[in-house]
Amino acid sequence: MPVLELHDLRKSYRTPSGETQRVIDISRFEIGAGEQVALRGTSGSGKTTLLNLIAGILTPDGGTIRVGDEDLTALSEGARDRVRARRIGYIFQTFNLLQGYTALENVALGMMFGAGADADFARKLLERVGLGERMDYRPRELSVGQQQRVAVARALANRPQLVLADEPTGNLDPRHAAEALELIRSACREQQAALLLVSHDPAVLGAFDRVEDLEQLNRARGPVAEGSA
């Protein structure tokens with residue numbers, strides 16, 4: 001069974017001029033268990049919108065999103081939140097760490113929405129990403145690269161089936177970007193989690209065997225005819 005299946009997925013937004021602009025229109029897309037896929041997309045192509053749809057943060061206009069055996073489009077907002085907590089890890093471009101909490105607390109708090117906090121596992125994850133000596137540091141006391149490592153550990157905290165990564169190297173210089181990419185990929189392999197990573201960086205995309213282009217996946221983009229949204 002694929003970890004992720006999208007069928008006839010559509011999402012549109014209303015523009016300031018009053019038009020309905022279709023951003024996502026994907027006929028079919030799948031990721032297998034443990035598979036690592038990079039998704040290419042330029043700025044404004046809908047990459048973050050797609051990830052937020054898969055994570056259940058946004059709801060589509062039509063189509064289905066299956067994560068494992070769960071159809072997110074058939075669930076309430078609360079139920080989608082529970083599926084995300086159990087099955088999906090999300091590495092945001094801006095990290096979204098809680099500034100008033102330590103690295104360890106950020107990872108442990110991420111577990112509270114799943115099976116519950118496991119301090120020992122949180123420590124092991126931080127040691128795995130090279131922050132064993134900085135567990136008690138708050139985000140402002142860490143470098144950008146170290147903050148991202150906390151975000152990686154938090155994304156893996158609930159042993160997800162699927163990890164989503166939104167431009168995870170966008171704030172890093174080339175050397176640290178390469179290190180961060182290898183960290184994300186190796187950590188996902190160790191936990192047997194599938195990975196969907198979006199980027200426009202050729203160096204990042206070149207590291208993946210499977211690279212999809214969002215604009216090619218999208219059947220149609222642009223203004224939507226009245227009644228077809």
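Derivation of every value follows stated rules applied to the coordinates shown; laboratory data play no part. Everything numeric here is computed off the predicted structure, so don't read it as measured data. Positions of Cβ are generated from backbone atoms using ideal geometry, with glycine treated the same way; all protein chains shown enter the neighbour counts.
A few notes on this one:
- Sequence of Arg185, Arg80, Arg149 once ranked by neighbouring C-beta atoms within 10 Å, starting from the fewest: Arg185, Arg80, Arg149
- Alpha-carbon centroid distance for the pair the stretch 182-220 / the stretch 1-71, whole angstrom: 15 Å
- Largest-first principal axis extents, alpha carbons of the stretch 1-127, Å: 49, 37, 29
- On Cα atoms only, tilt of 77-87 relative to the major axis of the chain in degrees: 50 degrees
- Antiparallel DSSP beta bridges within the chain, as percent of all bridges there, nearest 5: 55 percent
- Each stretch of four or more DSSP H residues adds -39500 (n - 2.57); spread over every residue of the chain, this sum gives -9500 deg cm²/dmol at 222 nm.
- Residue among Val83, Val211, Val67 with the largest mean-square fluctuation in a Gaussian network model of the chain, springs linking Cα atoms under 10 Å: Val211
- Within the listed set Ala74, Ala157, Ala187, the Gaussian network model of the chain (springs between alpha-carbon atoms below 10 Å) gives the highest mean-square fluctuation for Ala74.
- Length released on extending from Leu58 to Glu133, taking residue separation times 0.36 nm less the Cα-Cα span: 23.3 nm
- Degrees separating the helix 119-128 axis from the principal Cα axis of the chain, which is the longest one: 90 degrees
- Contact order normalised by residue count of the stretch 1-89, Cα under 8 Å, 6+ apart, percent: 32 percent
- Label positions at Asp8 and Ser27, each projected 7 Å from the Cα along the C-beta direction, are separated by 1.3 nm.
- Checking every one of the chymotrypsin sites (Phe, Trp or Tyr not before Pro) in the stretch 17-104 against DSSP loop status and a limit of 15 other Cβ atoms within 10 Å picks out Tyr101.
- In the stretch 24-99, the GluC sites (Glu not before Pro) that fall in loop regions by DSSP, at most 14 other Cβ within 10 Å: none
- Based on Cα contacts under 8 Å between residues 6+ apart, the stretch 86-182 shows a relative contact order of 44 percent.
- Size of charge dipole - the chain - debye, nearest 20, with Cβ of Lys, Arg +1 and Asp, Glu -1, no other charges: 200 debye
- In the chain, Cα pairs under 8 Å separated by at least six residues give a relative contact order of 30 percent.
- Label-reachable residues, the stretch 31-61, where backbone N falls under 17 Å from a point 7 Å from Glu215's Cα toward its Cβ: 39-50
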